[in-house]
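Here is the structure we will look at, set down as structure tokens.
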Amino acid sequence: MKPENEWQQELSPEQYRVLREKGTEPAFRNEYWDNHREGTYFCGACGLPLFSSAAKYDSGTGWPSFSAPIDPENVEATGDTSHGMVRDEVVCARCGSHLGHVFPDGPQPTGDRYCMNSLALKFEEKEG
Ligand SMILES: [Zn+2]
């Protein structure tokens with residue numbers, strides 16, 4: 001694991017607040033909630049591929065939402081009962097950075113709603 005002072009140097013202050021301090025960006029005022037382009041979303045901290053645009057859907061929440069990760073091995077859900085809500089925090093499996101939360105009210109067949117922060121992701125559009 002990388003020391004926090006290195007993360008602080010590599011990430012913008014906004015990214016650092018979300019990825020390393022579990023911050024949440026404002027709904028509808030973030031980069032990817034309404035992004036309908038085809039491509040892949042990578043971890044904003046370490047570049048691990050996390051979500052495909054194929055699994056992205058409009059949840060109406062104002063945050064980018066996905067029904068499933070690219071590979072279940074690439075994300076980890078950990079219990080989080082802060083703010084009096086039962087929900088699972090989602091972190092990058094490789095670098096441990098905070099990405100968002102997963103809720104059990106997503107579309108079928110997974111029934112999962114991965115509610116992510118745009119600041120925690122880096123989108124690359126598919127070529128061609
Ligand atoms: Zn990562």
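The values are calculated or read from the model by the stated rules, or taken from the named source; none is laboratory data. All values derive from a computational prediction rather than experimental measurement. Because the Cβ atoms are built from the backbone with ideal geometry, glycine has one as well, and the counts that use them run over all protein chains shown. Surface areas here come from the heavy atoms of the whole protein model, side chains and all, with no ligands, DNA or RNA. Shrake-Rupley method; radii C 1.70, N 1.55, O 1.52, S 1.80 Å.
Summary of values
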| quantity | calculated |
| --- | --- |
| Selection count where residues are over 19 Å from THR24 (Cβ atoms) and either open to solvent by 40 Å² or more (accessible area, probe 1.4 Å) or hydroxyl-bearing (Ser, Thr, Tyr) (or both), scope segment 89-103 | 1 |
| Residue in segment 1-19 that is open to solvent by less than 60 Å² (accessible area, probe 1.4 Å), within 16 Å of the ligand (Cβ to nearest atom), β-branched (Val, Ile, Thr) and in contact (Cβ under 8 Å) with a residue 24 or more places away in the chain present | yes |
| Positions within segment 26-70 being charged (D, E, K, R) and either crowded, with 22+ Cβ neighbours inside 10 Å or within 16 Å of the ligand (Cβ to nearest atom) (or both), in sequence order | LYS56 |
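Here is a yes/no grid of residues against (1) touching a helix residue (DSSP H, G or I) at 6+ places or on another chain (Cβ under 9 Å); (2) closer than 17 Å to THR61 by Cα; (3) among the aliphatic types (A, V, I, L, M):
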residue	(1), (2), (3)
CYS92	yes, no, no
CYS95	yes, no, no
HIS98	yes, no, no
PHE103	no, yes, no
GLY106	no, yes, no
TYR114	yes, yes, no
ASN117	yes, yes, no
PHE123	yes, no, no
LYS126	yes, no, no
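Quick grid of which residues meet (1) of a type in the set (Phe, Trp, Tyr); (2) within 21 Å of CYS95 (Cβ to Cβ); (3) in a loop (DSSP other than H, G, I, E, B):
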site	(1), (2), (3)
ARG29	no, no, yes
ARG37	no, no, yes
TYR41	yes, yes, no
SER59	no, no, yes
ALA68	no, yes, yes
ALA77	no, yes, no
